[in-house]
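Reviewing the structure listed below.
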Amino acid sequence: MCCSLYDEKSANVDIEAARKLGIHVKGVRDYGDEGTVEFIFAQLIYLFKGLGKNQWGSEATELKNKSVGIIGFGTLGQMVGKIAVHFGMQGFLF
């Protein structure tokens, strides 16, 4: 059985129960990264354009020339960085 496994307590599978039943649970790397990146940029667009309840700044603006801080540069961080470049954003890595 596979799940997005950070640690046993945060897993979306009852690992202890699976273990008792002889089921081996393995973590899935890079699971759901595309959807996460889409969500991140959807939220940024909503905030910069004021499409939802909240808006950053008094007027709608574009992502172009804005800075984005990326903490960690694993698969997800790299994907966010690539999409940010397509929007003309500046990237900072931590």
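The values are calculated or read from the model by the stated rules, or taken from the named source; none is laboratory data. Predicted, not measured: the structure shown is a model, and the values here were computed from it. Here the Cβ is made from the backbone with ideal geometry for all residues, glycine too, and neighbour counts use every protein chain on show.
Some observations on this one:
- Test: residue in the stretch 81-92 that is outside the structural domain of K9 (by TED's automatic domain parsing), at pLDDT 90 or above and within 27 Å of K9 (Cα to Cα): no
- Residue satisfying condition, being within 11 Å of the chain's Cα centre (by Cα) and in a loop (DSSP other than H, G, I, E, B), within set D7, D30: D30
- A single entry from K64, K9, K49 fulfils the requirement of being touching an Asp or Glu at 6+ places or on another chain (Cβ under 9 Å) and of a type in the set (K, R): K49.
- Considering residues of the stretch 78-91 that are buried (at least 16 other Cβ atoms within 10 Å of the Cβ) and small (G, A, S) only, the residue nearest to L44 (Cα to Cα): A84
- Flag if V68 is outside the structural domain of D14 (by TED's automatic domain parsing), over 30 Å from E8 (Cα atoms), modelled with pLDDT of 90 or more and of a type in the set (A, V, I, L, M): yes
- Residue in the stretch 60-74 that is in a helix (DSSP H, G or I) and over 13 Å from the mean Cα position of the chain (by Cα) present: no
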